1. Over segment A:166-251, what is the mean sequence separation of C-alpha contacts under 8 Å (at least six apart), divided by residue count, expressed as relative contact order in percent?
2. Shielding of A:207-214 by partners, i.e. mean partner chain Cβ atoms within 10 Å per residue?
3. With contacts defined as alpha carbon pairs under 8 Å and 6 or more residues apart, what's the relative contact order of segment A:220-352 in percent?
4. Whole-Å semi-axes of segment A:203-304's equivalent ellipsoid, largest first, each the root of 5 times a Cα gyration tensor eigenvalue?
5. Can you list the equivalent-ellipsoid semi-axes of segment A:387-500, largest first and in whole Å, using the square root of 5 times each Cα gyration tensor eigenvalue?
6. Under the rule a/c < 1.5 gives rounded, and otherwise a/b versus b/c splits prolate from oblate, where does segment A:266-400 land using the Cα gyration tensor?
7. Going by average Cβ density within 10 Å per residue, which order do the peptides A:104-114, B:65-75, B:40-50 take, highest to lowest?
8. How large is Rg over Rh for chain A, taking Rg from the Cα atoms and Rh as the Kirkwood inverse mean of 1/r across Cα pairs?
Amino acid sequence: MNTKTVHSVINAGKSYQYIDNGEPMRGGMKDVYFSPDKSYVVAFYRDDQDFSSRERLRKIVTEYYNSFFNREGGHYYKDLYCWPTDMVELDKKVGLIVPCYNQNFFFKKGYASNDLIKGKEKEGKWFASPKFRNKQFALRLDEAELGNWLSYFQICVNIARGVKRLHAAGLAHSDLSYKNVLVDPVSKSAAIIDIDGLVVPGLFPPDVIGTADFIAPEVLATKHLEVKDANRKLPSRLTDLHALAVMIYMYLLYRHPLKGGKVHDLDTEKDDLLSMGEKALFIEHPQDTSNRPKLNQLNPKELPWADVTKLPYTITGPYLKELFDQAFITGLHQPNNRPPAEMWEQALLKTTDLMQPCSNAACEQKWYVFDNTMSPKCPFCGTPHKGTLPVLDLYYEFKPTVWKPENHRLMVYHNQYLFQWHANRNIIRNERLTPEQKVPVGYFTFHQNKWVLVNQQLTTLKDLTEDREIPPGTMVELTDGKKLLLSREEGGRVVVITMANK
Amino acid sequence: MRRLPVYFLLDTSGSMYGEPIQALNNALSGMVNNLRMDAHALDSLWLSIITFDREVKELVPLTELVSFQLPEITCPQSGPTHTGQGLEYLHGKVVKEVQRGTPTQKGDWRPLLFIFTDGKPSDQLLYREMIPKIKGLNFGAIVGCAAGKAADNEMLKELTETVVHLDTADSATLRQFFKWVSDTIEQGNKSMGTTSQVTLPPPPQEVNLVI
């Protein structure tokens, strides 16, 4: 054991210690050492950093750090990013001080069958690959590590928010990947790491093109050109949006959206470059089916997820389908058409309003998205929904007396809560919600063979069909065709009830 | 689903008898354990072990990492080093096992070859005859490892530019070498630079140990 001391180049007199056992953890560009108490790491760049790169790092640990964390709402982001806090130098090597990840990002159990990866980082790949959840795979993850399908919606919301905030600040991550986004289905959280690659358009160019699986097609297609060539495409906000879409698709469907059966070249390397780059084609393209995965060529341990016929992307619901179409069909080779991070965040959240718990206790996914049919069933285990299912369509007041649908539905299940962001369209469900806004305003239950909404906090709830006020502490029955006014305030919504599965 | 086939061609000639073969067993099992902790490796890696001394043996046929069982590698107390025969056998295996791309099926990734020896080929004629054939197989990388004083770097260099020389074939050195081997295998999963392709990570430093 050899403890070394390094000095900050930003805060005079500040120093850090790390343990050099001669075998640092090796990243793509850096060697990483732990501090003696393991509360932070010192990550040294193996290559010399030029003036502009040093300037960029300096800004990341000072200006950008402050603007992200030392202002109102900054606390939320502390858990979302693993942001470098200081810059050091030793023998001309530049290093960064980076806090260690939260404990929940290390496996408590890991594999179901042994302790080999217990305590290791929860890199995204573990959760994006179908093998590790296949019961026939000897080194599958323990069920306690996997969470359920709803967990991955929350994880994706967090990732989308992390990317949204970076982009709002005019920054691009430039290397979103399995390794750089840790996920934890147990606590339903995600953390974006390796912030030091941040790209500031015009000011600091990227030094990596990304990680395989997540590099945008235009970046791969122009990889052979010189960096200074005007036609060369390098990571940017728009390539982040490709990586984000790929990531969301993978965490919800456990397969890669572009890796199908189409062969572009007999040489593997060339084929890979074309199928992820210039010739990239969505495996579930509705018209061009040439890149559909070939079931007979798949590893059986990748089933059922690799089977796009059995589990098509439409099981993620209508809002996400639209965004996947935009990301992998219209925007795949037209970067400007890719959906921004905030659209992903909102579509994911709206989709959770369509989700139903599966009544099969043994179902591995536990939740599914209502499939818009009159006789819904779980797409994962095939269990049909039992009993009636109230569907609430949300309307807003377009102008006095004219109400328009918002393309937003709420599927009711037993013991589901209603929140302010349902009752009022001016309250947006995002990371800026106050603690008061996160308190439910009512709940739905199946009570004495009837579906009811119990009003807890809606002061102006009214049953429009029966022309009756529903004060807090009372309830209203949900029946087919009934209209409820949730709030009389500005932005208050009307819901129209449909009973499905009658 | 593309596989990444990795072949290990290991010298088990008489000179490996004793501590070196123990160290090799140790280091290999450490490497396999390391790889089993890597989600990417488990997703695509297939391994094969071929040994050569007087005879050539396929100790483990090309097997998916998750099912790979490492047997104890043994060697005779004395005998020649038939590296050439080893390469000849390997050639046949690679041609047969590695899936080439066809118009309807994706091919495997270019295979990797790690060749480990502590001496020099006893069948030089065949060895030199095989070199162009092996090179013609389009390996993603061929890494030669010459361990110990008697190991001949020059012969390996005829096969590949990447030759790592280890002064001793003890446990610590070999473990370090095979750690590097797994880093090399895992290379494809890391961030790629804008300026150039990331190639092999720097090899471990030579270690001089006095025993």
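1. On the way: 113 pairs, mean separation 29.5, N = 86.
The normalised contact order for segment A:166-251 reaches 34 percent.
2. Values: counts 4, 7, 5, 3, 5, 6, 3, 1.
Taking all residues of A:207-214 together, the mean is 4.
3. Values: 146 pairs, mean separation 30.8, N = 133.
Relative contact order, segment A:220-352: 23 percent.
4. Working: eigenvalues 141, 53, 26 Å².
After scaling each eigenvalue by five and taking roots: 27, 16, 11 Å.
5. Numbers: eigenvalues 80, 58, 39 Å².
Ellipsoid semi-axes (Å, largest first): 20, 17, 14.
6. In terms of gyration-tensor shape, oblate.
7. Numbers: A:104-114: 17.2, B:65-75: 14.5, B:40-50: 22.4.
So the peptides A:104-114, B:65-75, B:40-50, ranked by packing, come out B:40-50, A:104-114, B:65-75.
8. Working: Rg = 24.9 Å, Rh = 25.0 Å.
Value, to two decimals: 1.00.
Readers should treat all values here as calculations from the given coordinates under stated rules, not as data from a laboratory. Every value quoted in this text rests on a predicted model; they were computed, and no experiment measured them. We place every Cβ from the backbone using ideal geometry, glycine too, and count neighbours over all the protein chains shown.
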